[in-house]
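The values are calculated or read from the model by the stated rules, or taken from the named source; none is laboratory data. Worth saying up front: this structure is predicted, and the values here are computed from it rather than measured. All Cβ positions, even for glycine, are placed from backbone atoms using ideal geometry, and neighbour counts span all protein chains on display. With ligands, DNA and RNA removed, areas are computed over all heavy atoms of the protein, side chains included. Shrake-Rupley method; radii C 1.70, N 1.55, O 1.52, S 1.80 Å.
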Amino acid sequence: MISMSIEVGSVVEGVVTGITNFGAFVELPGGKVGLIHISEVADVYVRDVKDFLKEQDKVKVKVLSVDDRGKIGLSIKQLQPPAPRKQHSNDFRRSNRVNSLTFEDKLSKFLKDSDERLTDLKRNTDSKRGGNGGRGGAGGGGGGGSAARRAE
């Protein structure tokens, strides 16, 4: 009869009996103990389980798994409505997609910008070389400097 109440997918109430860095142990009806893994504690990032649960807390949990050795996997997160999480993550994405472009549009824009930058870079590089008298580089610039000093 007890195993009937601890079936995968069922929702049961239990008491937190221990907290570890990887989750919380919960005593279920009939004295069985299950684990709420840290990733199943809340719908947000959980750094420390103690920020969400403490020993002797009564919690409602969903049974995720029962393995051959009797280990019971539990979740609080899956009982919470998923809307707040989706709304939060979608808000971020939507704000970036208000004026969204298709992948092809983004790619062609990137290629156009990239070509323009390369053209500008080549133009700047060529004008610097041309201004120094071609390959002479430092020699051409040095001569101009000494002429400027003589003029003073």
Open item on the list: Can you tell me which condition residue 69 does not meet? The list is (1) farther than 15 Å from residue 12 by Cα; (2) in contact with a Gly (Cβ under 7 Å, 6 or more places away or on another chain), and all the others hold.
Closed with: (2)
Task: Restricting region 27-49 to residues that are within 16 Å of residue 80 (Cβ to Cβ) and either more than 28 Å from the chain's Cα centre (by Cα) or charged (D, E, K, R) (or both), the residue that is modelled with the lowest pLDDT - done: 43
Open item on the list: Only one of 46, 8 is surrounded by fewer than 16 Cβ atoms within 10 Å (Cβ to Cβ), hydrophobic (A, V, I, L, M, F, W, C) and assigned to a loop (DSSP other than H, G, I, E, B). Can you tell me which?
Closed with: 8
Task: In region 73-129, residue modelled with the lowest pLDDT [restricted to those that are part of a loop (DSSP other than H, G, I, E, B) and either within 20 Å of the chain's Cα centre (by Cα) or β-branched (Val, Ile, Thr) (or both)] - done: 98
Task: Filter result (open to solvent by 60 Å² or more (accessible area, probe 1.4 Å), in contact with a Ser or Thr (Cβ under 9 Å, 6 or more places away or on another chain) and in contact (Cβ under 8 Å) with a residue 60 or more places away in the chain) within region 55-80 - done: 66
Open item on the list: Between a residue in region 1-29 that is over 14 Å from residue 65 (Cα atoms) and hydroxyl-bearing (Ser, Thr, Tyr) and any residue that is open to solvent by less than 40 Å² (accessible area, probe 1.4 Å) and modelled with pLDDT of 90 or more, which pairs come within a Cβ distance under 7 Å, given they are 6 or more apart or on different chains?
Closed with: 17/26
- [ ] Return the residue satisfying two criteria in turn: it lies in region 24-43 and is part of a loop (DSSP other than H, G, I, E, B) and not small (Gly, Ala, Ser), and of such residues it is farthest from residue 73 (Cα to Cα).
- [x] 43
